[in-house]
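Peer 1: This is the structure I want to talk about, given as structure tokens.
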Amino acid sequence: MTGLYGGAFDPPHLGHVEVVRAAKRDFGLPQLVVLVSAQPGHKGTVLDAEERLELARAAFPDEDVRLDEYSRTIDMLRDADWDDPLFLIGADEFADFLTWKEPDEVLERARLAVATRPGFPRERLQSVLEQVRHPERILFFEIQPHPIASRDLRDRAAAGERLDGLVPEAVARLIADRHLYVREPGLHSARTGKDSRPT
């Protein structure tokens with residue numbers, strides 16, 4: 001079984017690290033691949049793909065971290081030859097699973113492992129389970145909550161605030177040393193000028 005964990009990682013934070021830690025613990029994953037989306041299909045990014053790839057490698061030094069050139073999960077699953085893939089997602093993402101491209105086909109090709117946190121409304125998850133063809137291919141595991149979003153971290157970094165205790169130490173060092181996410185006059189966000197969106 002191969003664990004797959006995809007995202008923009010703009011930047012990766014301790015919540016992301018907790019998902020990987022808990023999944024490896026609960027499912028005994030012998031292999032886990034972190035997939036950094038080069039061009040996420042549902043959101044914009046501030047940093048370019050190579051910078052986010054470097055941050056993800058700093059956040060997950062013991063994992064296989066790769067760039068994912070596909071903007072949609074189903075396209076990646078169709079073209080890759082994973083061994084019994086288990087795709088990790090958060091509960092918020094799962095609540096929107098029916099808006100994904102070909103969600104039932106995603107479940108044909110991979111099982112989903114949904115990271116839930118204490119207090120997350122169970123009815124939001126149940127609603128999705130009742131509308132997919134293969135609910136038996138959806139597993140749940142619990143994580144310790146880290147109530148911080150990548151958007152908030154970008155705002156803090158742009159304001160010159162330290163990110164200690166919110167992101168892995170190696171990630172915090174890279175962001176500080178390279179002045180990542182520091183806004184330039186007249187731009188919405190760092191260097192690209194794109195509007196920041198949640199990650």
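Any read-out appearing in this document is the output of simple, stated calculations on the displayed coordinates, not a laboratory observation. Not measured: the values here are computed from a predicted model. As a convention, Cβ positions derive from the backbone with ideal geometry for all residues, glycine included, and neighbour counts pool all protein chains shown.
Peer 1: Quick check on the range 1-18: of everything there that is surrounded by fewer than 20 Cβ atoms within 10 Å (Cβ to Cβ) and among the hydrophobic types (A, V, I, L, M, F, W, C), which residue is farthest from Val171 (Cα to Cα)?
Peer 2: First, pick out the residues of the range 1-18 that are surrounded by fewer than 20 Cβ atoms within 10 Å (Cβ to Cβ): 1-2, 14, 17-18.
The next check asks that each one be among the hydrophobic types (A, V, I, L, M, F, W, C); those that pass are 1, 14, 17.
On the way: Met1: 28, Leu14: 10, Val17: 12 Å.
Taking the candidates together, the pick is Met1.
The rows are residues; the columns are (1) over 13 Å from the mean Cα position of the chain (by Cα); (2) assigned to a helix (DSSP H, G or I).
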position: Val17; (1), (2): no, yes
position: Val33; (1), (2): no, no
position: Asp62; (1), (2): yes, no
position: Trp82; (1), (2): yes, no
position: Leu98; (1), (2): yes, yes
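Peer 1: For the range 61-91, how many residues are charged (D, E, K, R), in contact (Cβ under 8 Å) with a residue 24 or more places away in the chain and out of contact with any Gly (no Cβ under 8 Å at 6 or more places or on another chain)? Give the steps one after another, and end with the answer.
Peer 2: At the first step, the residues of the range 61-91 found to be charged (D, E, K, R) are 62-64, 66, 68-69, 72, 75, 78-79, 81, 83-84.
If we keep only those that are in contact (Cβ under 8 Å) with a residue 24 or more places away in the chain too, we end up with 63-64, 66, 68-69, 72, 75, 78, 83-84.
If we keep only those that are out of contact with any Gly (no Cβ under 8 Å at 6 or more places or on another chain) as well, we get 63-64, 66, 69, 75, 78, 83-84.
The qualifying residues number 8.
Peer 1: What number of residues within the range 37-73 are closer than 26 Å to Leu98 by Cα and either aromatic (Phe, Trp, Tyr) or touching an Asp or Glu at 6+ places or on another chain (Cβ under 7 Å) (or both)?
Peer 2: Qualifying residue count for the region: 5.
Peer 1: Another one. Any chance you could count how many residues in the range 24-65 are crowded, with 21+ Cβ neighbours inside 10 Å, polar (S, T, N, Q) and in contact with a strand residue (DSSP E or B) (Cβ under 7 Å, 6 or more places away or on another chain)?
Peer 2: Within the range 24-65, residues that are crowded, with 21+ Cβ neighbours inside 10 Å, polar (S, T, N, Q) and in contact with a strand residue (DSSP E or B) (Cβ under 7 Å, 6 or more places away or on another chain) number 1.
Peer 1: Restricting to the range 88-111, and then to whatever is small (Gly, Ala, Ser) and either in contact with a strand residue (DSSP E or B) (Cβ under 9 Å, 6 or more places away or on another chain) or under 20 Å from Leu32 (Cα atoms) (or both), can you tell me which residue is surrounded by the most Cβ atoms within 10 Å (Cβ to Cβ)? Don't jump to the end; show me each part of the working.
Peer 2: Kept after step one, since they are small (Gly, Ala, Ser), are these residues of the range 88-111: 90-91, 95, 110.
If we keep only those that are either in contact with a strand residue (DSSP E or B) (Cβ under 9 Å, 6 or more places away or on another chain) or under 20 Å from Leu32 (Cα atoms) (or both) too, we end up with 90-91, 110.
Numbers: Gly90: 17, Ala91: 18, Ala110: 21.
Looking at residues that are small (Gly, Ala, Ser) and either in contact with a strand residue (DSSP E or B) (Cβ under 9 Å, 6 or more places away or on another chain) or under 20 Å from Leu32 (Cα atoms) (or both), I get Ala110.
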